[in-house]
1. Quick one: residue 208 ticks every box in (1) more than 15 Å from the chain's Cα centre (by Cα); (2) more than 13 Å from ligand 2 (Cβ to nearest atom); (3) within 20 Å of residue 283 (Cα to Cα) except a single one, so which number is it?
2. Within the stretch 196-203, can one find any residue that is surrounded by 15 or more Cβ atoms within 10 Å (Cβ to Cβ) and within 13 Å of ligand 2 (Cβ to nearest atom)?
3. For the stretch 180-205, what are the residues that are over 13 Å from residue 280 (Cα atoms) and touching a residue at least 60 places away in the same chain (Cβ under 8 Å)?
4. If we scan the stretch 275-284, do we find a residue that is within 13 Å of ligand 1 (Cβ to nearest atom) and exposed (fewer than 14 other Cβ atoms within 10 Å of the Cβ)?
5. If you go through the stretch 207-233, how many residues are without any contact (Cβ under 8 Å) to a residue 60 or more places away in the chain and on the phi < 0 side of the Ramachandran plot?
6. Would you confirm, using the coordinates I've provided, whether residue 192 is closer than 15 Å to residue 160 by Cα, at pLDDT 80 or above and either in contact with a helix residue (DSSP H, G or I) (Cβ under 7 Å, 6 or more places away or on another chain) or within 14 Å of ligand 1 (Cβ to nearest atom) (or both)?
7. On the given criteria, is residue 238 farther than 23 Å from residue 22 by Cβ and either free of Cβ contacts under 8 Å to residues at least 12 places away in the same chain or within 14 Å of ligand 2 (Cβ to nearest atom) (or both)?
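The values are calculated or read from the model by the stated rules, or taken from the named source; none is laboratory data. Only a predicted model underlies this, so the values are computations on that prediction, with no experimental measurement involved. Every residue, glycine among them, receives a Cβ derived from its backbone with ideal geometry; neighbour counts consider all protein chains shown.
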Ligand SMILES: [Zn+2]
Ligand SMILES: [Zn+2]
């Protein structure tokens, strides 16, 4: 069952400014009724007041947020290959099309029909087809390009601001200037200290499998991972980091495994792996 989603304009713009997140939150449990591989169509309102199609999120994982999370309990993660952010500049107004769908949207200002729980609605297969047709001629949003997380994280953790600057400039991902400064000025300064703290806290062990290179080889081989990826808006803070072995770290990056707050696990394509050793608090963003 496809879904329609009203993405609040300021949240949509923040998503692009911080590094396209390819995920959406809502308080309505309907969000989790979508099938894996199904499409969620998100529309938003530009500062000029035009309603435009912002994204087709092709769902690859569903997770829950911690209790009290401000954007709602439910989260969807998009497939990075199949999901599309559409260019909103110069896009014609989509209000008429949305009013023709099976969703009820009678309020004179379109957004008023999509407030609170009503921000997410079921679509019929015919609605979905109409949106596929509509999107056929839309341009893609160039700012939604992703920075390579593995490289970015490694360079930030090494505390190498010059390398981070080069990477961000070379990739030209279109993130906002203050986010760029955050990534290449603040993060490389702070992160090496966070890694040290994590290694002390866990005696160098992998929080997922308990592998303990420190006792086996007298070397710190476990690595810090940002639960909410830096390239997708994550904070360089201890409450967003876990200490894991290189194998788990590669597996998480290569499969784009999100973290589920419902059971404290990483969601891999075929299974979940729960954080076994937890001595510091993680926070959702
Ligand atoms: Zn491990
Ligand atoms: Zn990582």
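1. It fails just one condition, (2).
2. Yes, because at least one residue in the stretch 196-203 is surrounded by 15 or more Cβ atoms within 10 Å (Cβ to Cβ) and within 13 Å of ligand 2 (Cβ to nearest atom).
3. 205
4. yes
5. So the answer is 13.
6. Answer is yes for this residue.
7. It is false that residue 238 is farther than 23 Å from residue 22 by Cβ and either free of Cβ contacts under 8 Å to residues at least 12 places away in the same chain or within 14 Å of ligand 2 (Cβ to nearest atom) (or both).
Yes or no, residue by residue, for (1) under 15 Å from the mean Cα position of the chain (by Cα); (2) modelled with pLDDT of 95 or more:
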{"site": "21", "(1), (2)": "yes, no"}
{"site": "24", "(1), (2)": "yes, yes"}
{"site": "28", "(1), (2)": "no, yes"}
{"site": "55", "(1), (2)": "yes, yes"}
{"site": "64", "(1), (2)": "yes, yes"}
{"site": "70", "(1), (2)": "no, no"}
{"site": "81", "(1), (2)": "yes, no"}
